[in-house]
Amino acid sequence: MKKYLALLLALVMVLSLCACGNSTGAPAATEAPAAEPAAEPAADDLVSLAQAEGELVVYGSCEEEYLAAACENFEKLYGIKTTYQRLSTGEVQAKIEEENGNPSADVWFGGTTDPYNVVAGEGLLEAYDAENASHLLSDMYRDKDGYWYGIYKGILGFMVNTDELARLNLEAPQDWQDLLKPEYEGLIWLSNYNTAGTAKLVINTMIQKYGHDEGIQYLVDLDKNIQVYTKSGSGPSKNVGTGECVIGIGFLHDGITQIVDNGYTNIQLVIPSTGTSFEIGATAIFKGCAHPNAAKLWIEYALSPDCVNLAKDNGSYQFLVIDNAEQPSQAAEFGLDPDNVMDYDFEDAKQNIGTYIEEVMNAIAASGADTGAERFKTE
C-alpha cells in the first residue's frame, strides 16, 4: 500500500511539472522573443505587383517629347506596357470629372497643380505615401495628404519676338502693367482660362498680386490687347518665333525650348520686374484606376533621376525639385532663378480657382469682348 501511494504521489508531481512547463504564467525571461511588426512591402515587391498588372495608361500635360521619353523609359525599365495621351491640364480635369471615379487612365504626369488641386478636392485622386518623396527639396513640392507630388518648377513670364518689336518700333514690356499699354493691342497671346493650367496660374497670380477686384479688372483690361487664347499653356511660346504671336505670356522654359531646340534666336525672355509666380509641375494617381500598383510604381519613378533627368534632353528645361536630379544648365544661362518668385498662396488657389475663372470670364463678357471659341481656343 505504501509503495502504491508513493508511486501515485510521484505521478502527480510529474504531471504538475508538465502543466507548469506549458503555463502562460511563466516568467517573462524564459519566453521566446516577440515577433517583429510586419515590414512595409519592399520596392522589389511593388515592381513585381506592377509587372503582374502588366500595363499603365498615362495622361500627360507636359510637352509631348518629354512625355514620350518618360513613358518609353518606364516601359524599358520595368517591362510594363505603357501608353500615353498628351492633354492640357484643363482637358484632363474635364475628362476625369466626367468619368467620376472610373478613369480611363492610371496616372497624371506634368502640368501645373491648380487643376490637380481641383480634382483632389473632388475626391478623384488617390493618396499615396511615396518613398522617393524623401528626395523633394521642400514640403512645398508635395500635397500634404499625398494626392500629388512635384517633379519640376516653372517660372511665369513673357516671351517676345524682337524682330517684330523692332519692325513696329516698340520696346519689350518689362512688367505686368506694361502689357496694358495701348500700343500692344492685338499683339499678345495667352492660354485659355478654361483649358490651361498656365492661364489658371495667371488668374491666381493677378488676384494675389493686386487683390481680388483689382486682379480681375487687370485681366479685363489685359483682354483688350489679347489676340487669341490658346488651348494649351505652351501655345503662345510656339508662335512667338514665327512672329504670329509678338508677345506671349507663359512659362519661360517653353521659350527656352523654342530658342535652344528650334533655333528661334529672335525670342527674348522677360522676367516681370515687380515679381512673378511659378508653377509646380506634378504627378498623381487617379482614384479607381485599373492598374493601381503600376500607378504607384510610376510615382516612385517620376520622383527619380531615371525620369526627371530625361527632361533636359527632350525639350523641357524646368527646374527640377528632387535633390538627386541634375539641374538643366540652360535655365540658369537664361537668367532664370527658381527662388526669385513671389510668395504664392496655394491654398487660396486650391479653394477658389473655379470661382475665379467664372468671375473673370463673366467680367470679360460684360465688357463686350469676344469670348467665342474662335478667340478662346478649345482645339
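In table form, for the structure just shown:
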quantity: Net charge of Cβ neighbours under 11 Å - reference residue 197; Lys, Arg +1; Asp, Glu -1; calculated: -2
quantity: Among the listed pairs 238/296; 287/350; 144/350, those beyond 23 Å (Cα-Cα); calculated: 238/296
quantity: Per residue value of the accessible surface for the stretch 262-379 (all protein chains in place, 1.4 Å probe), Å²; calculated: 43
quantity: Percent of beta bridges antiparallel (DSSP, the chain, rounded to nearest 5); calculated: 60
quantity: Rg/Rh for the stretch 281-337, where both radii come from Cα atoms and Rh is the Kirkwood radius; calculated: 1.08
quantity: Kyte-Doolittle at least -1.0, axis length at least 27 Å by Cα - qualifying DSSP helices, the chain; calculated: 2-21, 346-366
quantity: The chain shape via C-alpha gyration tensor axes, a/c threshold 1.5; calculated: prolate
quantity: Per residue value of the accessible surface for the stretch 77-147 (all protein chains in place, 1.4 Å probe), Å²; calculated: 44
quantity: For residue 286, distant residues with modelled amide H under 5 Å away; calculated: 107, 108, 126
quantity: Sequence-distant residues sharing a close amide H with residue 226 (under 5 Å, placed H); calculated: 186
quantity: Separation of alpha-carbon centers, the stretch 344-360 and the stretch 262-288, rounded to whole Å; calculated: 19
quantity: Global geometry of the stretch 60-165, whether rounded, prolate or oblate, following the gyration tensor of its Cα atoms and the 1.5 cut on a/c; calculated: rounded
quantity: Candidates 185, 91, 347: whichever shows maximal mean-square fluctuation once the chain is modelled as a Gaussian network with Cα springs under 10 Å; calculated: 347
quantity: Of all accessible heavy-atom area on the chain, the percent that carbon and sulfur account for (1.4 Å); calculated: 50
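The values are calculated or read from the model by the stated rules, or taken from the named source; none is laboratory data. Please read all numbers here as calculations on a predicted model, not as lab measurements. Methodologically, a virtual Cβ is constructed for each residue, glycine included, from the backbone with ideal geometry; neighbour enumeration extends over all protein chains shown. When the accessible area is computed, the model is the full protein with side chains, heavy atoms only, and any ligands, DNA or RNA have been set aside. Shrake-Rupley method; radii C 1.70, N 1.55, O 1.52, S 1.80 Å.
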